[in-house]
Amino acid sequence: MSSIALFVLLSLLGLSSVGAEDPYLFFTWNVTYGSISPLGVPQLGILINGHFFYFPSTGMHRAAGAFGGLRINSRLLIPVPFADPADDYTVLIGDWYTKSHKDLAGLLDAGRNIGNPAGVLLNGLTGKDNAPLFTMEAGKTYRYRICNVGLKVSLNFRIQSHLMKLVEMDGSHTVQNDYESLDIHVGQCFSVLVAANQEAKDYYMVASTRFTKYSLSATGIIRYAGSVVPPSPELPKAPVGWAWSLNQWRSFRWNLTASAARPNPQGSFHYGGINITRTIRLASSVGLVDGKRRFALNGVSHVDSPTPPKLAEYYGIADKVFKYDSISDDPPATEAPITVAPNVLNATFRDYIEIILENPERSIQCYHLDGYSFFAVG
């Protein structure tokens, strides 16, 4: 297959010390299609500057190796509720299929499930090579940003003999609690602080499957500076059962006293005193449409319109491209058939909307809420 190249210019705004415009940082991303073999099976994957890293949330891109980390830090004007760490590390965990993205899409189009993954990866590796991924110096504290970039499976992440202090979830600072392990669902990102307060040796990081009848895992090594002692072969065990995960989730709390993306603290905005203007219940479902396996919200399986909705709105041709409110604010009857269409809801500016996500299926569904500030409350 011929290579394709795409150059992406990314601008990140920083804090300027003068009264002029904020300075820019420029990055060039060379996106190509090349050979990868994270589980020993040669596959074609998406590469950026020679590595298979970035993070899409639609289509089958992720099955082609499209994942990676981009760190966004607060401006210097905005304080964060913890001291600067000695270093900042990105940990990308996720399930992996050795079938190509075309094969996986073909299974869905044939009315079938994509099946179980072939393995789990940690920063693109299984851990068999035993090479250290990160180094810590005794007595210092480090920030680890952990994201589940897989397709399907929830994973549990833990570090041998070390506690993790949760400080951020998907861009929101949290009340800081210590955890021996964390269940991280598809699309979730957590930031934790890890203190290098153990014996100076090597330690395993472990990512393993949750809520599955099979067990898959990947490991990575954290090395204390100067260590020549290998990690203990006895890996920390993962929790068992869904109740443990639910109780852990209930322990997560938004830190309303921490500063947001503005100088005033989030706690100055009284979320509990706002009247809900509208409630939208979104129920997931799965079924066959013309023999193809499709997933839906309130009976509609979304498909991108030929013209992007915002572009159609700008030129005043939205009614020729898609229909607003093809679903209601409440799920249809369970026996209602699934239809395929662009799924666009109208909302009134400054309305305060409660969104309830429902999953009556036997398998876990993960929702990606993008573009605004969302935080689960119940």
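The values are calculated or read from the model by the stated rules, or taken from the named source; none is laboratory data. Quantities reported herein were computed from a predicted structural model and do not represent experimental measurements. Using ideal geometry, Cβ is built from the backbone for each residue, glycine included, and neighbour counts are taken over all protein chains shown. We work out accessible area using only protein heavy atoms, side chains counted, and drop any ligands, DNA or RNA first. Shrake-Rupley method; radii C 1.70, N 1.55, O 1.52, S 1.80 Å.
Tabulated data
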item	result
Long-range HN-HN contacts of residue 355 with modeled amide H, under 5 Å	280
CD proxy at 222 nm, helix term only [per DSSP H run n ≥ 4: -39500 (n - 2.57); per residue of the chain; nearest 500]	-2000 deg cm²/dmol
Mean projected area (nm²) of the alpha-carbon convex hull when the range 184-259 is viewed from all directions	7.6
Per principal axis, descending, Cα span of the chain in whole Å	65, 53, 46
Exposure ranking of 26, 295 by accessible area [1.4 Å probe, largest first]	26, 295
Order of exposure, largest accessible area first, which applies to 335, 361 with probe 1.4 Å	335, 361
Rg/Rh (Cα only; Kirkwood hydrodynamic radius) as it applies to the range 148-305	1.06
For residue 289, residues with placed amide H under 5 Å, excluding near neighbours	294
Contour minus Cα-Cα distance for residue 199 and residue 37 (0.36 nm per residue)	54.8 nm
Highest-fluctuation residue, 75, 278, 350 considered, GNM on the chain with Cα pairs under 10 Å	350
Surface share of carbon and sulfur [accessible, 1.4 angstrom probe, percent] for the range 268-368	54
Normalised contact order of the chain, rounded percent, pairs of Cα under 8 Å and 6 or more residues apart	12
Residues residue 319 and residue 228, FRET efficiency given R0 of 56 Å [Cβ-Cβ distance, rounded to 0.05]	0.20
Accessible surface of residue 330 - all protein chains present, 1.4 Å probe, nearest 10 Å²	80
Accessible area per residue, Å², the chain with all protein chains present, probe 1.4 Å	58
Residue with peak Gaussian network fluctuation, the chain [Cα springs, cutoff 10 Å], from 46, 274, 355	274
Label point distance in nm, residue 108-residue 176, each placed 7 Å from Cα along Cα→Cβ	4.1
Nearest-10 value in Å² for the accessible area of residue 25, using the 1.4 Å probe	100
Rounded percent of accessible protein surface that carbon and sulfur make up, the range 100-179, 1.4 Å probe	48
Cβ-derived FRET efficiency at R0 41 Å, residue 361 paired with residue 161, nearest 0.05	0.60
Gain on full stretching of the segment that runs from residue 311 to residue 275 - 0.36 nm per residue minus C-alpha separation	9.7 nm
Partnerless cysteines, meaning none of the other Cys C-beta atoms lie under 4.7 Å away, in the chain	366
